[in-house]
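Trainee: This structure is in structure tokens; I'll ask about it shortly.
Please treat every number below as a calculation from the coordinates, not as lab data. Quick caveat: nothing in here was measured; it's all calculated off a predicted structure. Don't worry about glycine lacking a Cβ; one is built from the backbone with ideal geometry, like all the others, and counts go over all protein chains shown.
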Amino acid sequence: MKNIKKIFYENLEKSNEIFFNEFSEGFDEFLKTGWYILGENVKQFELDFSSFNNSKYTIGVASGLDALHLSISSLNLEKGSEIIVPSNTYIATILAIINNGHIPVFVEPDILTYNIDPKKIENKISINTKAILIVHLYGKSCEMDSIKEIVKKHSLFLIEDCAQAHGAKFKGDTVGNFGDFGAFSFYPTKNLGALGDAGAITTNNLLNNEKIRRLRNYGSDVKYQNDVLGFNSRLDEIQAYFLKIKLRSLNLITDHKRKLAKIYFDNLSNEFIKPVLDDDYYDVFHIYNIRHENRDKIRENLLKNAIHTEIHYPVAPHKQKALKEFSNIINHDFLISEEIHNTTLSLPISFGTTEEEVFRVCESLNRI
């Protein structure tokens, strides 16, 4: 064991190594400006990300959760409104609904794509349904044709959780442009990761843009004039600088992850359930997950071979203790979600992961 080189699931030092010099130079410049909140770095990053994402507007906020929270808040829905959400998402998506005073209505995912199943949405729509909050999970876009039809038919708002899907596309269109808002996380492990918490909201509507800019800054457009009840959720200047640098290399990062994914596709045994591929989708592989009924034993054996993995996510949302008080709302079994949570395993696929390491992971998995 001592002689085996460890393969990390994520090594942020290694992933960020090529940016170190620019980061250091930028920090010195940042200190000398004396302007540390909502300055030129935030403005420039917002413009750069809009250009990258083919969106009219980008508003930098403090985190991915805040991006979701502010998007919902800006809709001014009546308290207790129902918002449809996938049953297998990370809890942040659900917290944004509950903390705005609304009710999450869970819809099961497609067992093949892990994204919300459009065929199951309409059965959950009621007179109280006001919005759909979809999640482009693992770096794959949802199937947007059907979802857009449902949104139009029922006059619903649409929010996209793009936390894991920077640059992902459906039929050539980039996520974050299909709905009223696209909510992005730049948590350090994301394909575009900051060196701390950070997030952004994209929109193609001028009024939405103005609402979010006001909400993120205490409800203010003009200093000391507060028009609405807002929040303090501003993207830090220094994080905006780091993100601005890394954004220039995001296509390189995505290409690297897609190459690693191809190695998994080509070399992993079909004993494992691998992600599905489809020409309509451009996947960015924030996560490369496989599924197997003996997931826990497999993970344990990989660790014995110095290969570290993750589980996204080990506990289904409706099983979380934090949501126990909402059991009268979330009162169904979600068998597909539970099957995914019980069998999924995320393999190393970071910008710091090498092709040689992925071949080793494949060899170890196949041997196991």
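Trainee: Please list, in order along the stretch 117-125, the HN-Hα scalar couplings obtained from phi with the Karplus expression 6.51 cos²θ - 1.76 cosθ + 1.60 (θ = phi - 60°), rounded to whole Hz, x for Gly and Pro.
Mentor: Couplings: 8, x, 5, 9, 6, 4, 5, 9, 7 Hz.
Trainee: Over what distance in Å are the Cα centres of the stretch 284-311 and the stretch 29-76 separated?
Mentor: Between the Cα centre of the stretch 284-311 and that of the stretch 29-76, the gap is 35 Å.
Trainee: Count charges around residue 61 for me, please; just the other residues with Cβ under 9 Å from its Cβ, Lys/Arg as +1, Asp/Glu as -1.
Mentor: +1
Trainee: Which entries in the list 56/119; 257/324; 43/169; 244/319; 140/244; 140/324 go over 27 Å, if you measure between the two C-alpha atoms of each?
Mentor: 56/119; 257/324; 244/319; 140/324
Trainee: Oh, and also: How far apart, in nanometres, would the label points at residue 20 and residue 363 be if each is projected 7 angstrom from Cα along the Cα-to-Cβ direction?
Mentor: 2.9
Trainee: Counting other beta carbons within 10 Å of each Cβ, put 127, 4, 349, 307 in order, fewest first.
Mentor: Least to most surrounded, the residues fall as 127, 4, 307, 349.
Trainee: Which value in deg cm²/dmol, rounded to the nearest 500, describes the helix-derived mean residue ellipticity at 222 nm for the chain, given -39,500 (n - 2.57) per DSSP H run of n ≥ 4 and division by the residue count?
Mentor: Helix-only estimate at 222 nm: -11000 deg cm²/dmol.
Trainee: Which one of 268, 8, 182 is farthest out on the positive end of the charge dipole of the chain, using unit charges on Cβ (Lys, Arg +1; Asp, Glu -1) and the Cα centre as origin?
Mentor: Among 268, 8, 182, the one farthest towards the positive end of the dipole of the chain is 8.
Trainee: Arrange the following residues from fewest to most other Cβ atoms within 10 Å of their Cβ: 302, 235, 243.
Mentor: 302, 243, 235
Trainee: Could you size up the charge dipole of the chain around its Cα centre, putting +1 on the beta carbon of Lys and Arg and -1 on that of Asp and Glu, and report it in debye to the nearest 20?
Mentor: Rounded to the nearest 20 debye, it is 320 debye.
Trainee: If you don't mind, another one. Please get the size of the charge dipole for the stretch 249-367, origin at its Cα centre, with Cβ charges of +1 on Lys and Arg and -1 on Asp and Glu, quoted in debye to the nearest 20.
Mentor: For the stretch 249-367, the charge dipole is close to 400 debye.
Trainee: To continue, here is another question. In whole Å, largest first, what are the principal axis extents of the Cα atoms in the stretch 226-265?
Mentor: Largest first, the stretch 226-265 extends 53, 21, 11 Å along its Cα principal axes.
Trainee: Under the Karplus relation 6.51 cos²θ - 1.76 cosθ + 1.60, θ = phi - 60°, what is the ordered set of whole-Hz ³J(HN,Hα) values for the stretch 226-243, x standing for Gly and Pro?
Mentor: Running phi through 6.51 cos²θ - 1.76 cosθ + 1.60 with θ = phi - 60° gives 10, 8, 9, 6, x, 9, 9, 9, 10, 4, 5, 4, 5, 5, 4, 5, 4, 5 Hz.
Trainee: Using Cβ contacts closer than 10 Å as the measure, can you line up 248, 299 from fewest to most?
Mentor: 248, 299
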